[in-house]
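The values are calculated or read from the model by the stated rules, or taken from the named source; none is laboratory data. Model, not experiment: these values are computed from the prediction. Cβ atoms come from the backbone with ideal geometry, glycine included; neighbour counts cover every protein chain shown. We work out accessible area using only protein heavy atoms, side chains counted, and drop any ligands, DNA or RNA first. Shrake-Rupley method; radii C 1.70, N 1.55, O 1.52, S 1.80 Å.
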Amino acid sequence: MKRTSPAARLLLAATACAGAALSFPALAGPEEQAAQLHSRITGVKPDVATLTQMAELIAGNQARDAAYLAMQNDAFYNVTLKNLVTPWTSRDGDNFAPLNDYTATVIGIVRDDVDFREILSGDILYTGASGLGLPAYSNSNNNHYIELENSGYPLQTTLERKTQSAVTGLPSDATAGVITTRGGAKAFFYAGTNRAMFRFTLMNHLCRDLEQVHDTSRPPDRIRQDVSRSPGGDSRVFQNSCIGCHSGMDPMAQAFAYYDYVYDVDNDPTGENGQLDYNNTGETDPVTGTRVKAKNHINSATFPYGFVIPDDKWDNYWREGPNMYLGWSSELPGSGNGAKSMGRELANSEAFAQCQVTKVFEQVCLRAPEDQQDRDRIESITASFTGNGYKLKQVYADAAVYCAGE
């Protein structure tokens, strides 16, 4: 199998858009619906045998089974899923970033029908299978995945499930799905104060940026020292703007206190050969004297009376106030220690489930939800998703079937 190049992916996208312009009427026949269904799920046309089998299933009122049949095509994994996930792996949402452990792990979780909530808390990692002649997985480069992609191997059959703790050496209780992959760390633990990891996890997996969860009614007691209480000499800016994001974000981002992405700033400024670093029990940072990474204390002179992070204990202040409507789970305490439990808090929210369904809907329907009928269908697909083990292939099937007759 040849590698799918960026140009080829663009061609597939163009083909899909052309298909949308020539959408089928609501009463399209089984073969037309089968072709549309296959195209929406994979971006490519089915072969004759697959088209026939899918059409027979549709004629027999088994459209979902037809959708699952379409998902057996390698393009669903190498193109559709990769195009869905790849923008999540960088700050600029690059659609054509190379395959990495973040992307491969999400694709593997979908393939194996693993509970999709595991992407934010699981001790799970997908690599290329042994025997492919690939470079070994490395904590300090992406060569394994670059070669896996360049070799054109079908991800459907060549990804192998492992545990992060076994492959990377990270303690199992410190693993948190894609948050603690090398790809995730390179993008969002790179430099800064680790708030980027929280912000982009919120954007990518709850479909909310900080402006959309802005709430000035939460207590500011956990806002760190690096946030000015009077930006530009005007305390009203802090009270009416800064506090709205930091009062909720800082207590949650504290879960990342022991993590950093280390790299040679002088010789490798973009961190291509950097790696995730974690302070385990008994390890201390030479600057803080605790397990807390020094990056969490930068710019401490900005407001010396601000909060000083002592550990990785996080609390979700958004369980009260307007952001309670993100649908936090009543089965979780809303607080804990470390990235794993905080990832579980996010992944068990109603917003997480609805976000996944909405993104898949937009990808396979080639449009955003437009009316009440669309919103009702998203709600029903979300209910099915959460009620049946959080399997994302089911979401693809249900969304594609809904749009196949357009």
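Results, tabulated for the structure shown:
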| quantity | calculated |
| --- | --- |
| Where a residue in segment 45-62 is open to solvent by 100 Å² or more (accessible area, probe 1.4 Å) and its partner, wherever it lies, is among the small types (Gly, Ala, Ser), with Cβ under 7 Å and at least six apart | 45/35; 45/39 |
| Test: residue in segment 149-163 that is aromatic (Phe, Trp, Tyr), part of a loop (DSSP other than H, G, I, E, B), within 22 Å of residue 296 (Cα to Cα) and touching a residue at least 12 places away in the same chain (Cβ under 8 Å) | no |
| Scan of segment 349-394 for residues that are out of contact with any Asp or Glu (no Cβ under 7 Å at 6 or more places or on another chain), in a loop (DSSP other than H, G, I, E, B) and farther than 15 Å from residue 206 by Cα, ordered by number | 366, 367, 369, 370, 371, 388 |
| Residues of segment 99-116 classified as β-branched (Val, Ile, Thr) and open to solvent by 10 Å² or more (accessible area, probe 1.4 Å), total | 1 |
| Matching entry among 362, 379 (being over 19 Å from residue 64 (Cβ atoms) and among the acidic types (Asp, Glu)) | 362 |
| Matching residues, segment 223-249, being within 17 Å of residue 314 (Cβ to Cβ) and open to solvent by less than 30 Å² (accessible area, probe 1.4 Å) | 223, 224, 245, 247, 248, 249 |
| Segment 385-404: number of residues that are within 18 Å of residue 32 (Cβ to Cβ) and either of a type in the set (Ser, Thr, Tyr) or open to solvent by 40 Å² or more (accessible area, probe 1.4 Å) (or both) | 2 |
| Close pairs (8 angstrom Cβ cut-off, 6 or more residues apart or separate chains): within 19 Å of residue 74 (Cα to Cα) and without any contact (Cβ under 8 Å) to a residue 12 or more places away in the chain in segment 381-405, open to solvent by 30 Å² or more (accessible area, probe 1.4 Å) and among the acidic types (Asp, Glu) anywhere | none |
| Residue list for segment 196-210, filter: in contact (Cβ under 8 Å) with a residue 12 or more places away in the chain, in a helix (DSSP H, G or I) and open to solvent by 30 Å² or more (accessible area, probe 1.4 Å) | 199 |
| Residue list for segment 63-85, filter: farther than 18 Å from residue 103 by Cα and either free of Cβ contacts under 8 Å to residues at least 12 places away in the same chain or not aliphatic (A, V, I, L, M) (or both) | 64, 65, 68, 72, 73 |
